[in-house]
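Working notes, structure below.
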């Protein structure tokens, strides 16, 4: 019978494609008509699928029987290593599974990923198929693994199949088996946010702090995935909130990395170390600043994080904010109180870094904060016999309250105090002239390096209007 290819790139002739389509519809009359006309019932498409694959996957019992009556090969695999029997388990067609096994299908078959009948049924949640496999077939091991060393229990947990998880637990499966990445079912349930499955596995009594190959616990994976309900469940069950990975990442690092504020609150309430450092010597605060999450930073400051911790580049949180021009974040850090003299590996202070990036507003803000810190220290020294340290988190300074809200309005200071806070040197109009000289701008505007130069020379800064409405306005 003369035939053309069904379509470009297809391996089926037109009549063969029509036969496959009839099988998908369970149209046995059309199938028989095409068989009488001599169609090749064993023909494969471009993924090596035969008509029997389509019939088994669709659960078309009549089509399956008709094909078996014409002696089609029962164990042929497609390009994914799936035969008709595996497809019937995958799609949960128990009757087709019975028919194929009765026709001699090999029950020990696996696909190219090493998944057997039980794996396919477990991943897809077909409990009746699983019951048949376990109870009626011989030599079935519930802890058989695929090429990733995952058992049916792993797959059911990963894909949130609660009923299957309960069934396998009743069968006595291994609860703590590890795959090639050393993940347990607990890891996979937490990673994918399957709360009910996670709860069931916890109830069995597994080790909540078991680590995978990268040192991640289930709590790490739940935090990294943003599954706050799972984080809360694990914390309440007693998981170690301070566990660290191979790269020394804590759960708080992952929360900061993705901006998961609710998870960060849960972890802080559970007593996680806010200043834990990873392999780059970065705290969760460093990460929150780098990722530009002001609300997360605010949360960490409320938890009294150490803002002066240097990372492996010797950069503090303020250095990072200055480097990336994060003005709102820098403002929060300066209000909290930090040591502005700290330098990075290149010997640069946060002021230097801001100037190098030409972040004019940030330079101005840091200079004004430095003036305030010095004034505050002087005033505190007059009132106390011993001046308390004002910067760093070894002891929280009181600048957070003084620099916030209306307390920074000029009217709250006497004329003498305001004079004390002004650097000695040029008059303001001469500072403007110096700025023009430094920047080459005759309009008296300045750039970041000009501002820094004027300040380090002890000269008054020209007035800069940038509409911040921030706490550093009058300095």
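Bear in mind that the values in this text are calculations on the coordinates, not laboratory data. As the structure is a computational prediction, the values presented were derived from the model and not from experiment. FYI the Cβ positions are ideal-geometry reconstructions off the backbone, even for glycines, and counts take in every protein chain you see.
Points worth noting:
- Efficiency of FRET from Cβ geometry, residue 248 and residue 292, R₀ 30 Å, rounded to 0.05: 0.85
- A simple packing score, the average count of other Cβ atoms within 10 Å per residue, orders the peptides 147-153, 257-263 as 147-153, 257-263, with the highest score first.
- Full-stretch length increase - residue 148, residue 36 - with 0.36 nm per residue and alpha-carbon distance subtracted: 35.7 nm
- Every Cα-Cα pair of the stretch 274-355 was included, and the share exceeding 16 Å stands at 42 percent.
- Mean Cβ neighbour count within 10 Å, used as a protection proxy, ranking 65-77, 346-358 highest first: 346-358, 65-77
- In the stretch 232-283 the Cα-Cα distances spread across 10 Å bins starting at 0 as 27, 59, 15, 0 percent of all pairs.
- Residue order, fewest to most beta carbons within 10 Å, for 216, 198: 216, 198
- The stretch 165-281: C-alpha gyration tensor shape, a/c 1.5 cut-off, then a/b vs b/c: prolate
- Alpha carbon centroid spacing (whole Å) that separates the stretch 74-142 from the stretch 300-320: 56
- Set of the stretch 67-82 residues, backbone N closer than 19 Å to the point 7 Å along the Cα-Cβ line of residue 48: 72-82
- Residue 279-residue 379 pseudo-label distance in nm [points 7 Å out on the Cα-to-Cβ vector]: 4.8
- Direction-averaged projected area, Cα convex hull, the stretch 209-345: 7.5 nm², rounded to one decimal.
- Label zone at residue 127, where the point sits 7 Å out along the Cα-to-Cβ direction: the stretch 164-188 residues whose backbone N lies under 16 Å: 164-172
- The peptide list 293-300, 154-161, put in order of mean Cβ contacts within 10 Å with the highest first, becomes 154-161, 293-300.
- Hydrodynamic radius of the stretch 35-171 per Kirkwood, over alpha carbon pairs, in Å: 15.2
- With neighbours defined as other Cβ atoms within 10 Å of a residue's Cβ, the residues 184, 11 order from fewest to most as 11, 184.
- Per-pair calculated FRET efficiency, R0 = 45 Å: residue 262 and residue 65 via Cβ, rounded to 0.05: 0.20
- Summarised as an ellipsoid, the stretch 23-77 has semi-axes of 16, 13, 10 Å, derived from the eigenvalues of the Cα gyration tensor scaled by 5 and square-rooted, with the largest first.
- Its Cα gyration tensor gives the stretch 131-225 an equivalent ellipsoid, and the semi-axes of that ellipsoid, as √(5λ) in whole Å with the largest first, are 23, 14, 10.
- Computed as a quarter of the hull surface, the mean projected area of the alpha carbon convex hull for the stretch 1-112 stands at 6.5 nm².
- Placing R0 at 51 angstrom, the Cβ-Cβ distance between residue 196 and residue 10 gives a FRET efficiency of 0.70 after rounding to 0.05.
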